[in-house]
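> Attaching a single structure in structure tokens format; questions to follow.
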There are 2 protein chains.
Amino acid sequence: MGVLDVIRKRKSVRKYKSDSIPEDVLMRVLEAARLAPSAKNLQPWKFIIVKDEKIKEKLVEACLNQRFIAEAPIVIVACGFPNECYAKQGRYMKSWPIDVAIAMEHLILQAAEEGLGTCWIGAFEESKVKEILGVPENVKVVALTPLGYPAHEPKDRGRKKMEEIICYDRYQ
Amino acid sequence: MGVLDVIRKRKSVRKYKSDSIPEDVLMRVLEAARLAPSAKNLQPWKFIIVKDEKIKEKLVEACLNQRFIAEAPIVIVACGFPNECYAKQGRYMKSWPIDVAIAMEHLILQAAEEGLGTCWIGAFEESKVKEILGVPENVKVVALTPLGYPAHEPKDRGRKKMEEIICYDRYQ
């Protein structure tokens, strides 16, 4: 599939089969993240691969009880390093949220290509996730995603029209 | 090409041909951004497509004189909307840097698929870019990229090893 086909295929999956993920498939999904670009190539990220059932259950609680998260055989937790990133993106911010988002979306697109479902989880209590997984104080949790074979066909959600999101030469 | 092939092919291009980009190619590149996921599907983004030579030259100055930016026929400026995004990512941050990064990387991967070069530009003076393009006060500039046909084969930059960027069940 081409990139645009995969982008069209990717949807937020909220029901998962318990089927396990072959190791070679998982490694290709992670490789897509590993190869992501980042500001100054600093790669300020770590991905925690949670397979333990009890830990997944705790993560559900930390994610406002979104129960489907624990249905998937794996939950991936994307972390960023504020102290090891480019500190001057646009001269006003640290690059880690951008860097980690790029790598996570690589992972998610490769998952879609492999027939796996994912769902960007932004609704979580970072402090709880950090406590559950032992994430150090100076590391941020950017997002999570379940990773598993879809047990439903998600609905297509609309998008803004092209003319709403682009303009030429000046902001309009 | 599969996603992983495109990810391997994508490199930061810092020399461009002046050849123009066919409209259908540009539209597929933008469509990849348009279809990106975002927190609560709020799509808090706008992409400014700069073709005007004088404006491109001004952007070079706002980007710490990275001259190659203006070689490309198009410069794309990715903007985010702090007032129209999910305000509680992880219960600690607004989602716009993440949302815009995802959409921009979609654009960049589709560009690679089309044989176009890009380069994430994070080294810029946001205040200057905003002034040049008339970006409103409540809108943020997240990043820029030139978009054009590569005039060189960029070097492969290394990446951390897989075992450095992943861990299992707990942060390690």
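> Residues being touching a strand residue (DSSP E or B) at 6+ places or on another chain (Cβ under 7 Å), open to solvent by 10 Å² or more (accessible area, probe 1.4 Å) and not in a loop (DSSP other than H, G, I, E, B): count how many of those fall in segment A:122-172.
6
> Ok, one more. Can you find, within segment A:71-101, the residue that is most open to solvent (accessible area, probe 1.4 Å) among those that are assigned to a helix (DSSP H, G or I) and in contact with a strand residue (DSSP E or B) (Cβ under 8 Å, 6 or more places away or on another chain)?
Checking each candidate, the answer is A:Glu71.
> Is segment B:1-9 home to any residue that is touching a helix residue (DSSP H, G or I) at 6+ places or on another chain (Cβ under 9 Å), modelled with pLDDT under 95 and over 23 Å from A:Cys167 (Cβ atoms)?
Yes, there is a match, as at least one residue in segment B:1-9 is touching a helix residue (DSSP H, G or I) at 6+ places or on another chain (Cβ under 9 Å), modelled with pLDDT under 95 and over 23 Å from A:Cys167 (Cβ atoms).
> Kindly indicate whether any position in segment B:100-111 is more than 9 Å from chain A (Cβ to nearest Cβ), in contact with a Cys (Cβ under 8 Å, 6 or more places away or on another chain) and of a type in the set (Val, Ile, Thr).
no
> Also, quick follow-up: Tell me which of these B:Ile7 doesn't satisfy, since it passes every other one: (1) open to solvent by 20 Å² or more (accessible area, probe 1.4 Å); (2) within 7 Å of chain A (Cβ to nearest Cβ); (3) under 24 Å from A:Asp99 (Cβ atoms); (4) not in a strand (DSSP E or B).
(1)
> If I go through segment A:16-53 residue by residue, how many of them are polar (S, T, N, Q), more than 26 Å from B:Arg157 (Cβ to Cβ) and at the interface with chain B (Cβ under 10 Å from one of its Cβ atoms)?
Residues that pass the stated criteria total 0.
> Report every pair of residues separated by at least 6 positions or lying on different chains whose Cβ atoms are under 7 Å apart, first residue within segment A:50-62 and outside any helix (DSSP H, G or I), second open to solvent by 60 Å² or more (accessible area, probe 1.4 Å).
Partner pairs satisfying both residue conditions: A:Lys51/B:Tyr168.
> Identify the single condition in (1) touching a helix residue (DSSP H, G or I) at 6+ places or on another chain (Cβ under 7 Å); (2) free of Cβ contacts under 8 Å to residues at least 40 places away in the same chain that B:Glu163 does not satisfy, given that it satisfies every other one.
Looking at each condition in turn, B:Glu163 falls short on (1).
> Return the residues of segment A:111-130 that are in contact (Cβ under 8 Å) with a residue 60 or more places away in the chain and not hydrophobic (A, V, I, L, M, F, W, C); say none if nothing qualifies.
Selection gives A:Glu113, A:Glu114, A:Gly117, A:Thr118, A:Glu125, A:Lys128.
The values are calculated or read from the model by the stated rules, or taken from the named source; none is laboratory data. Predicted model only: the values in this text are computed from it and were never measured. Please note: Cβ atoms are built from the backbone with ideal geometry, for glycine as well, and neighbour counts cover all protein chains shown. Accessible surface areas use protein heavy atoms only, side chains included; no ligands, DNA or RNA. Shrake-Rupley method; radii C 1.70, N 1.55, O 1.52, S 1.80 Å.
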